[in-house]
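The values are calculated or read from the model by the stated rules, or taken from the named source; none is laboratory data. Treat the numbers as computed from the prediction; the structure is a model and nothing was measured. Note that we place each Cβ from the backbone using ideal geometry, even for glycine, and neighbour counts take in every protein chain shown.
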């Protein structure tokens, strides 16, 4: 309303200035009737005053109008809320930028941690692979040693079997000879004393052959037991394998002697 009044006042002032300028015409014009013009201006001025009063009355009525006042209040409220919303928008924008910066920082930190974890896992994988490769080579070497020991034991076992066969053959030959001596004893009583000595010697030889055969059987059983232990040696520890290897070498030396 104050703005409207100010505008109206400015309009009236402008119009008065225009009319005054019109009054200040050159007085050299003798035909100009200034009383008439002055009266006309006074009349127009009065009309403008009346119109101004009407506008002021209209403005006062508008201020008194509840709907207008409500609209003005609502307008002020909207302007206030608009300012609040603008402040809220600026605050949210600031928070968004801060969150974005934190997010970018977290992403960079996560990327650094991920790269570090990947490198650690890669290094660990390489170490495990190298360890497995070393264990594989050690197992291959142990297998070669075990195969060589098994082959040596197999050869010793085969030699023991051959020795057993030879002892059994010798025992059979001595048994046949003993039987022949017994038959010769029955045939030749004249040479009884000499035959008795031969018979006693044959008996002693037979006992020795039987003892050798028993020893050969014992060694053969020991070798078969060791061979079985060697077959099961894949599941033994390093200490047990070493003990088994020492036993095998000792048995092999005993068989050769």
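A compact table of results
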| item | result |
| --- | --- |
| Scan of segment 172-201 for residues that are at pLDDT 80 or above and loosely packed, with under 11 Cβ neighbours inside 10 Å, ordered by number | 176 |
| Residue in segment 52-73 that is surrounded by 10 or more Cβ atoms within 10 Å (Cβ to Cβ), at pLDDT 80 or above, part of a helix (DSSP H, G or I) and touching a helix residue (DSSP H, G or I) at 6+ places or on another chain (Cβ under 6 Å) present | yes |
| Yes/no for residue 168 being at pLDDT 75 or above and surrounded by 14 or more Cβ atoms within 10 Å (Cβ to Cβ) | yes |
